[in-house]
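Derivation of every value follows stated rules applied to the coordinates shown; laboratory data play no part. These numbers were taken from a predicted model, which means no experiment stands behind them. Neighbour counts are summed over all protein chains in view; Cβ atoms, including those assigned to glycine, are modelled from backbone coordinates with ideal geometry.
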Amino acid sequence: KYMTLDEFVDFAKYADYWVYASPDWNEVYTNNFSNKRKLDSMKSVRSKNVFDTTGYGENAWFEQRMAEPEVVLGDFCSVVGMLSESDHDRVWLRNVFTEDKGSSPTCTNVNAPLEKNDVSC
């Protein structure tokens, strides 16, 4: 069973961080006054600690992240403050309030090996 918005807000109202696993944050929050008012009661929203999965583009999270678990882990550690910005540059997770959606390069040769993202931590 899916939660209603009210059920979710009640469930997550004290969470410090929220990873919103969808590329439509603006439609759900910014452009929807009714949702915005409810979501603003959440601690993670008030403190602007909401992250979505479009740091490397809208589809890359679903297409590529499983090949780079160390980068995903680094992103999560960075989000919760276990790594500083100088320790790790987030790839997948972006702050919906302070960062623009990212983009991934276009594949020009389907036979070429995957170019993985660097991990600096």
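FRET efficiency for the F62 to V28 pair, using the beta carbon distance and R₀ = 22 Å, is estimated at 0.75. Taking θ as phi - 60° and the Karplus parameters 6.51, -1.76 and 1.60, the scalar couplings of the stretch 98-107 work out to 10, 10, 7, 4, x, 9, 9, x, 7, 6 Hz in sequence order, x denoting glycine and proline.
Sorted by mean Cβ packing within 10 Å, highest first, what order do the peptides 39-49, 106-116 take? Please list the in-between numbers first.
Numbers: 39-49: 15.7, 106-116: 7.1.
Result, highest mean first: 39-49, 106-116.
Taking Rg/Rh (Cα atoms, Kirkwood Rh) as calculated from this structure, the corresponding entry among (i) 1.01; (ii) 1.05; (iii) 1.08 is (i). For F51, the residues 5 or more places off, or on other chains, whose built amide H falls under 5 Å of its own are W18, V19, Y20, V96.
Under a point-charge model restricted to the Cβ atoms of Lys and Arg (+1) and Asp and Glu (-1), what is the dipole moment magnitude of the chain relative to its Cα centre, in debye to the nearest 20?
On the way: 13 positive and 20 negative charges, 104 e Å.
For the chain, the charge dipole is close to 500 debye.
Against the compact-protein benchmark of 2.2 N^0.38 Å, the Cα-based radius of gyration of the stretch 56-121 scales to 1.15.
Helical content alone sets the calculated 222 nm signal of the chain at -7000 deg cm²/dmol, taking -39,500 (n - 2.57) per DSSP H segment of four or more residues and averaging over every residue.
Helix 69-79 and the longest principal axis of the Cα set of the chain meet at an angle near 40°. Among residues other than W61 with Cβ under 14 Å from its Cβ, the summed charge is -2 (Lys and Arg +1, Asp and Glu -1).
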